[in-house]
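Heads up: the structure comes next, in structure tokens.
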Amino acid sequence: MRFDYRQDWLSHGYKELSFPPAADGGWLVEKNVLHIWPRGGFMMIALPNPDGSFTVTLFLPLEGETGFAAMHDGPSVRRYFETWFPDALAIMPDLVTEYFQNPTSSLGTIKCFPWSAYGKNVLIGDAAHAVVPFYGQGMNCSFEDCLVFDYCLDQYGADWDRLLPAFQELRKPNADAIADLAVENFYEMRDHVADPVFMRKRQLETKLEATFPDYFSKYSLVTFREDVPYARAKELGNAQDRVLMELCAVDRPLDELDLGAILATLKERTAQLRQGV
């Protein structure tokens, strides 16, 4: 049997660090947001934990002057953070200890096909479609595999020669789509969140979602619309993003924009992709 397999590594790795809780058990920085330090080529993020701490993840190239290779002892770690993340350094008392205690891990994507062989076995979950973590959908995608497999069981019973090919045909396009979306979101977070046009686009998306219940950004299509498959969310979401980036290239205050007209433009230019959404 012929088997296609791809394992694609990002040139970046990651290391987990932390912010401690405040003295009163609260959070040292705002807890209700995702904190991102985009540096154009690398970044750091921080997410809150219930105990008041933050999990801080450093995403750097493995090599080069701005990569993990540049930090080889305590002073070089502190110099790096003084240069690139000075505000974070001020609330990271255990930075050097954590940096050398915690491993530097790799980021990779796996795509393969077929997932089944000879009607006797099938790959499912990360074994078939491991993804990088930048959409937070890896586990959810694997759970969806289980739901679709259960659906196929209802359709085909124990007819494995029909069930297994049907399962992989249903899931393969969507597994590939979320893998691609996760990589796209890495570059978006790393390089674009500080771009003025991108920031206007995100602000406009937020206003559209708050104003019109039938508008969903790409992120919301992926994360909150369980009835929209990943492949379709990717296609529609990217089409909407192109329209909004074009509109936001003109620097106008958001309160001067006609949101209804913008929504009408979005719907018109993505009409074929929006059917049933």
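So for each of 172-184, 27-39 I average, over its residues, the number of other beta carbons within 10 Å; can you give me the resulting order with the highest mean first? It would help to have the intermediate numbers written out before the result.
On the way: 172-184: 20.1, 27-39: 14.0.
Going by the mean number of other Cβ atoms within 10 Å, highest first, we get 172-184, 27-39.
Output wanted: per-residue J couplings in Hz (rounded whole) for segment 211-218, from phi through Karplus 6.51 cos²θ - 1.76 cosθ + 1.60, θ = phi - 60°, x for Gly and Pro.
8, 10, x, 8, 9, 10, 5, 4
Given segment 1-149, what whole percent of its Cα pairs are spread farther than 23 Å?
49
Using the 10 angstrom Cβ neighbour count as an exposure proxy, how do Tyr219, Tyr230 rank, fewest first?
Listed from fewest to most nearby Cβ atoms, that is Tyr219, Tyr230.
Students often check this: by mean Cβ neighbours within 10 Å, which of 253-263, 158-168 ranks highest, and how do the rest follow?
So the order, starting with the most tightly packed, is 158-168, 253-263.
Straight-line reach from Lys120: which lysines have Cα under 20 Å away, leaving out those fewer than 8 places along the same chain?
Leaving aside lysines fewer than 8 places away in the same chain, those within reach of Lys120 are Lys172.
On a straight-distance basis, which lysines could pair with Lys201 in a cross-link, Cα separation under 29 angstrom, same-chain partners fewer than 8 positions away excluded?
Within reach: Lys31, Lys218, Lys234, Lys267.
Classify the chain as rounded, prolate or oblate from the Cα gyration tensor: take a ≥ b ≥ c as the square roots of its eigenvalues, call it rounded if a/c is under 1.5, otherwise prolate when a/b beats b/c and oblate if not.
It is oblate, given that a/c is not under 1.5 and a/b is not larger than b/c.
What distance in nm separates the two pseudo spin-label positions at Val197 and Glu82, each 7 Å out from Cα along the beta-carbon direction?
For Val197 paired with Glu82, the spin-label model returns 3.8 nm.
Note down the nm distance, to one decimal, between modelled labels 7 Å out along Cα→Cβ at Ala22 and at Tyr118.
6.2
Just so you know, all these numbers are worked out from the coordinates, no wet-lab data involved. Computed from a prediction, not measured in an experiment: that's the story for all the values here. Please note: Cβ atoms are built from the backbone with ideal geometry, for glycine as well, and neighbour counts cover all protein chains shown.
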